[in-house]
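Asks: Below are the structure tokens for one structure; questions will follow.
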Amino acid sequence: MLKIKDLHASIEDKEILKGINLEVKAGEVHAIMGPNGSGKSTLANVIAGREEYEMTGGSIELENEEISELDPEERAHKGVFLSFQYPIEIPGVSVTNFMKTAINETRKAQGKEEMKAGDMLKMIREKSEMLEIDRKFLSRSLNEGFSGGEKKRNEIFQMAMLDPKLSILDETDSGLDIDALRIVANGVNKLRSEDNATIVITHYQRLLDYIVPDFVHVLYKGRIVKSGGKELAQELEERGYDWIKEEVEA
Amino acid sequence: MSFKDKILSSFIALENEVDTETYAHQLRNEALASFEELGIPQRKEEAYKYTSLKSLFNKDYSLFPKKESAIEYGDIKPYLIHQIDAYRVIFIDGIYSSHLSETTHDKFDVCLMSSALNNPKYSPVIEAYYNKLAPKDGLTSLNTAFAREGAYISIGKNIAVEKPIEVVYFSTGNESTLMTQPRNLVVVGENSQVQIIERHQSLSDNQVLTNSVTEIFADKRAMVDYYKIQNDHLNASLIDHTSVEQKSDSEVRLHTFSFGGALTRNNLNFYQRGEHCNSILNGVTIIEGKQHVDHSTLVHHTAPNCESYQQYKQIFDDKAVGVFNGKVLVDKVAQKINAFQQNNNILVSDKATINAKPQLEIFADDVRCSHGCTIGQLDEDALFYMQSRGIGKKEARALLMFAFANSVLESVKIPEIKSRITKLIAKKLGVEIGFDL
């Protein structure tokens with residue numbers, strides 16, 4: 001599904017990612033953990049194609065196709081989805097209309113016809129129920145005045161609507177209380193299949209109790225310094241990151 | 001020959017064609033003298049500091065169209081809000097077109113300024129209202145001196161006009177450079193209601209300059225809903241002077257949508273002359289290239305317990321220039337008023353300009369006055385967010401810009417106008433996405 005080789009990226013001439021190698025196969029969930037400032041969010045944004053980050057070396061392949069030259073919307077059309085750590089408020093654009101535009105623009109790019117209004121409504125109903133989203137809030141302006149939990153639930157709702165191949169969840173657990181965390185994790189788990197893959201970026205192990213990863217990677221100073229199974233997350237929870245730092249510095 | 005000299009000789013020609021014994025002609029003579037004294041506003045005048053009219057007035061305009069123009073309904077249909085059943089007052093090169101107009105009515109007067117100015121039947125209204133409100137500056141004087149035609153709308157007491165009245169001025173381009181002086185008078189009686197749509201539209205590439213004057217009187221408890229749709233050809237310029245007087249408990253809402261034209265100057269003056277008036281001045285400007293749009297507004301609160309709301313949202317691309325000069329004047333007696341002014345601008349390009357100047361002059365001590373002015377760019381984070389959901393950059397920008405302007409559209413009461421404006425905005429932004437937000 002996703003193959004990242006020797007990825008280097010910088011922002012404003014400061015190198016953040018210093019040679020990342022990562023392979024994510026269909027059906028897998030990978031967790032990327034690491035202390036603050038290690039480059040986790042940068043990695044998510046670079047995969048999604050944010051222009052402010054300059055990719056200075058390496059390659060990103062999605063289903064054996066190089067995507068690093070593509071615009072963010074083209075990557076989205078090919079099935080990349082980024083759940084934002086801080087979803088943006090867009091006053092004046094309702095959640096429903098935003099989704100409708102996103103889905104139809106994607107379908108257009110894929111050479112498909114626009115989705116019929118009835119089908120769209122049915123899907124919106126189904127997915128919003130899955131994430132226990134109040135219907136009233138679908139006609140509100142996107143993320144405007146939403147609580148932290150509502151914003152994150154709304155991100156996963158968008159993910160459910162767009163049905164991506166590769167989902168990257170950037171700190172989706174931050175700002176969530178335990179009930180919202182359970183709802184969001186259930187949503188993500190229901191969307192998992194043999195044909196898609198998920199990268200969960202998180203600082204804490206808590207989310208990984210609900211979304212159980214197949215692999216855990218530790219990112220530190222722009223490199224993946226340790227990889228392992230889900231037990232690595234548990235170990236990080238117990239021992240913190242210092243021992244990893246020590247191992248790396250040694 | 002300078003523009004001023006041309007005006008004097010043209011006035012003599014005008015006198016051969018009009019009844020010089022009327023009250024209106026008396027006003028014309030006075031206005032001509034006043035124009036001679038004041039002339040065309042210069043940039044050294046504060047009110048025209050950011051808008052130069054020089055290049056507009058150094059052209060050799062024809063003031064009287066010589067030929068009758070054969071225009072059919074099909075030619076003008078795209079410019080009408082044709083989905084709605086409306087009264088229509090259509091002018092072609094400044095001349096009323098009876099076959100394109102639709103003014104059948106019985107309870108009130110929708111007719112022509114030419115007949116109103118000459119027919120004694122209308123003289124009580126003309127003498128009471130005509131030229132009473134328009135400012136007496138050079139350009140309005142020029143209009144008063146030459147105005148012969150326009151819409152005359154007079155509505156008595158307790159009448160709700162059931163259909164909107166659409167007033168459209170077309171220029172055919174039969175003259176290579178034409179200057180017109182449309183003149184509208186709207187008198188709305190106590191407890192009456194009316195909706196009016198005004199538009200100036202050129203049908204060719206030729207140079208057109210329109211110097212339009214409109215006076216609107218809203219009596220007690222009257223409600224006036226007025227829309228100006230400015231989407232003219234890029235060789236057409238418009239200087240508009242609209243003045244509104246409100247009596248107690250009246251509400252006047254005026255929307256200005258400025259998308260087209262080379263240079264557009266909107267002088268919009270509201271005078272509240274009674275308690276509990278509500279004035280709403282809303283505008284959306286979206287321009288590009290070398291277009292220039294200037295909104296100069298005045299809200300004069302002369303009575304207590306009134307409200308005024310101004311909301312102008314503007315988007316400038318390329319080298320477009322905008323001016324917003326919004327003045328709120330609160331007299332000492334006008335206690336307990338609430339005056340609100342909001343002017344938000346987006347500069348899409350580095351070379352676009354907005355000159356924003358809010359002015360508040362408050363002589364009362366127990367009032368609420370607030371104003372806000374912002375100038376910004378499109379939010380890059382929001383653009384990336386939308387792109388990451390599969391919305392192309394162009395569409396994402398358009399959606400953001402539409403969302404920005406949308407709060408003004410929400411106050412449009414005629415659904416057909418709202419959908420027309422929405423389509424115009426989509427077209428202006430070069431996208432095909434629907435904006436039914």
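Values in this text are rule-based calculations from the coordinates and carry no lab data. From a predicted model like this one, the values you see are computed outputs, not experimental measurements. Positions of Cβ are backbone-derived with ideal geometry, glycine not excepted, and every protein chain shown enters the neighbour counts.
Asks: D for chain B, whole µm²/s, Stokes-Einstein with Kirkwood Rh over alpha-carbon pairs at 4 °C and 1.567 mPa s: what number?
Replies: So the translational diffusion coefficient is about 58 µm²/s.
Asks: Evaluate the Kirkwood expression for the hydrodynamic radius of the range A:91-223, namely the inverse of the mean inverse distance over all pairs of different C-alpha atoms, and round to one decimal in Å.
Replies: Its Kirkwood hydrodynamic radius stands at 15.9 Å.
Asks: Any chance you could check the Cα centroid distance between the range B:167-209 and the range B:249-270 for me, in angstrom?
Replies: 13
Asks: Continuing with this model, one more query. A:L236: net charge of surrounding residues, Cβ under 15 Å, Lys/Arg +1, Asp/Glu -1, itself excluded?
Replies: Around A:L236, the surrounding residues sum to -3.
Asks: Ok, one more. Which translational diffusion coefficient, to the nearest whole µm²/s, is obtained for the range B:248-356 from the Stokes-Einstein equation, given a Kirkwood hydrodynamic radius over C-alpha pairs, 37 °C and 0.692 mPa s?
Replies: The calculation lands on 228 µm²/s.
Asks: Can you tell me how much longer the chain between A:A117 and A:E15 gets when fully stretched, taken as 0.36 nm per residue apart minus their C-alpha distance, in nm with one decimal?
Replies: Going from the current span to full extension adds 32.1 nm.
Asks: Let me ask something else about it. Around A:H8, with a cut-off of 14 angstrom between Cβ atoms, what is the net charge of the other residues, counting Lys and Arg +1 and Asp and Glu -1?
Replies: Summing Lys/Arg as +1 and Asp/Glu as -1 gives +1.
Asks: Same structure, new question: With +1 on each Lys and Arg Cβ and -1 on each Asp and Glu Cβ, how big is the dipole of the range B:380-437 about its Cα centre, in debye rounded to the nearest 20?
Replies: Charge dipole, the range B:380-437, about its Cα centre: 220 debye, nearest 20.
Asks: Taking 23 Å as the cut-off for C-alpha to C-alpha distance, list the pairs among B:K247/B:K327; B:K49/B:K351; B:K6/B:K290; A:K136/B:K228 that go past it.
Replies: Exceeds cut-off: B:K6/B:K290; A:K136/B:K228.
Asks: OK, next. Using +1 at the C-beta of Lys and Arg and -1 at the C-beta of Asp and Glu, which of B:I421, B:A403, B:S388 has the Cα lying farthest in the positive direction of the dipole of the range B:380-437?
Replies: Final value for the positive-end residue is B:I421.
Asks: Turning to a different aspect of this structure: Charges on Cβ only, +1 for Lys and Arg, -1 for Asp and Glu, centred on the Cα centroid of the range B:3-273; of B:F270, B:F217, B:S98, which one is farthest towards the dipole's positive end?
Replies: Looking along the dipole axis, the top candidate is B:F270.
Asks: Next question. Collect residues whose amide H, placed 1.01 Å from N in the peptide plane, falls under 5 Å from the amide H of B:I92; neighbours closer than 5 in sequence don't count.
Replies: B:S97, B:F170
Asks: Ok, one more. Could you put A:K152, A:K190 in order, starting from the residue whose Cβ has the fewest other Cβ atoms within 10 Å?
Replies: A:K190, A:K152
Asks: Roughly how many debye, to the nearest 20, is the charge dipole of the range B:69-151 about its Cα centre, given +1 on each Lys and Arg Cβ, -1 on each Asp and Glu Cβ, and no other charges?
Replies: The calculated dipole for the range B:69-151 is roughly 260 debye.
Asks: Among B:A382, B:A426, B:A262, determine the one that fluctuates most according to a GNM of chain B built with springs between C-alpha atoms less than 10 Å apart.
Replies: Highest fluctuation among the options: B:A382.
Asks: Among B:M113, B:M401, B:M386, which one moves the most in a GNM of chain B with springs linking Cα atoms closer than 10 Å?
Replies: In the Gaussian network model the winner is B:M386.
Asks: Rank these for me by crowding, B:H25, B:H241, going from fewest to most other beta carbons within 10 Å.
Replies: Ordered by Cβ neighbours within 10 Å, fewest first: B:H25, B:H241.
Asks: Along each of the three principal axes of the Cα atoms of the range B:297-366, give the extent in whole Å, ordering the values from largest to smallest.
Replies: Principal extents (Cα only, largest first): 45, 15, 14 Å.
Asks: Could you tell me what fraction of 2.2 N^0.38 Å the Cα radius of gyration of the range A:56-118 comes to, as a two-decimal ratio?
Replies: That ratio works out to 1.35.
Asks: A further question follows. Could you work out the Kirkwood radius for the range B:380-437, taking every pair of different alpha carbons, averaging 1/r and inverting it, reported in Å?
Replies: 11.8
Asks: Once amide H atoms are built 1.01 Å from N in the peptide plane, which residues 5 or more positions from B:C369, or in another chain, come under 5 Å H to H?
Replies: Excluding prolines and chain starts, which carry no amide H, the hits are B:A339.
Asks: Above 45 Å lies some portion of the pair distances; for the protein assembly as shown, what is it as a whole percent of all C-alpha pairs?
Replies: 36
Asks: Please report, in whole Å, how far the alpha carbons of the range B:156-236 spread along each principal axis, starting with the longest.
Replies: Result, largest extent first: 46, 19, 16 Å.
Asks: On the principal axes of its Cα set, how long, how wide and how thick is the range A:1-113? Give whole Å, largest value first.
Replies: Projected onto its principal axes, the Cα set of the range A:1-113 covers 40, 33, 26 Å.
Asks: Using Cβ counts within 10 Å as a stand-in for footprinting exposure, how do B:S97, B:S55, A:S83, B:S171 rank, fewest first?
Replies: Listing B:S97, B:S55, A:S83, B:S171 from fewest to most nearby Cβ atoms yields B:S55, B:S97, A:S83, B:S171.
Asks: Let me ask something additional. What is the magnitude of the charge dipole of the protein assembly as shown about its Cα centre, with +1 placed on the Cβ of each Lys and Arg, -1 on the Cβ of each Asp and Glu, and no other charges, expressed in debye to the nearest 20?
Replies: Result for the protein assembly as shown is approximately 960 debye, rounded to the nearest 20.
Asks: Mind putting together the pair-distance distribution for the range B:6-137? All Cα pairs, 5 Å bins, whole percent per bin, short to long.
Replies: Percent of pairs per bin, in order: 2, 7, 12, 15, 17, 16, 16, 11, 3, 0.
Asks: Taking chain B as a whole, which cysteines find no other cysteine Cβ under 4.7 angstrom from their Cβ?
Replies: B:C111, B:C369, B:C373, each lacking another Cys Cβ under 4.7 Å.
Asks: What ³J(HN,Hα) values, in whole Hz, does the Karplus curve 6.51 cos²θ - 1.76 cosθ + 1.60 give for the range B:85-93 when θ = phi - 60°, with x put for Gly and Pro?
Replies: Listing the rounded values in order: 6, 9, 6, 10, 10, 10, 10, 10, 6 Hz.
Asks: Under 23 Å between C-alpha atoms is the cut-off here; go through the range A:162-249 and count lysine pairs that meet it, provided they're at least eight residues apart or on different chains.
Replies: Step by step, the pairs that qualify in the range A:162-249 add up to 7.
Asks: At a threshold of 8 angstrom on Cα-Cα distance, excluding pairs fewer than six apart, so keeping six or more, what relative contact order does chain A reach in percent?
Replies: In percent, rounded to a whole number, it is 28.
Asks: Continuing with this model, one more query. At 0.692 mPa s and 37 °C, plugging the Kirkwood radius over alpha-carbon pairs of the range A:2-249 into Stokes-Einstein gives what diffusion coefficient in µm²/s?
Replies: 176
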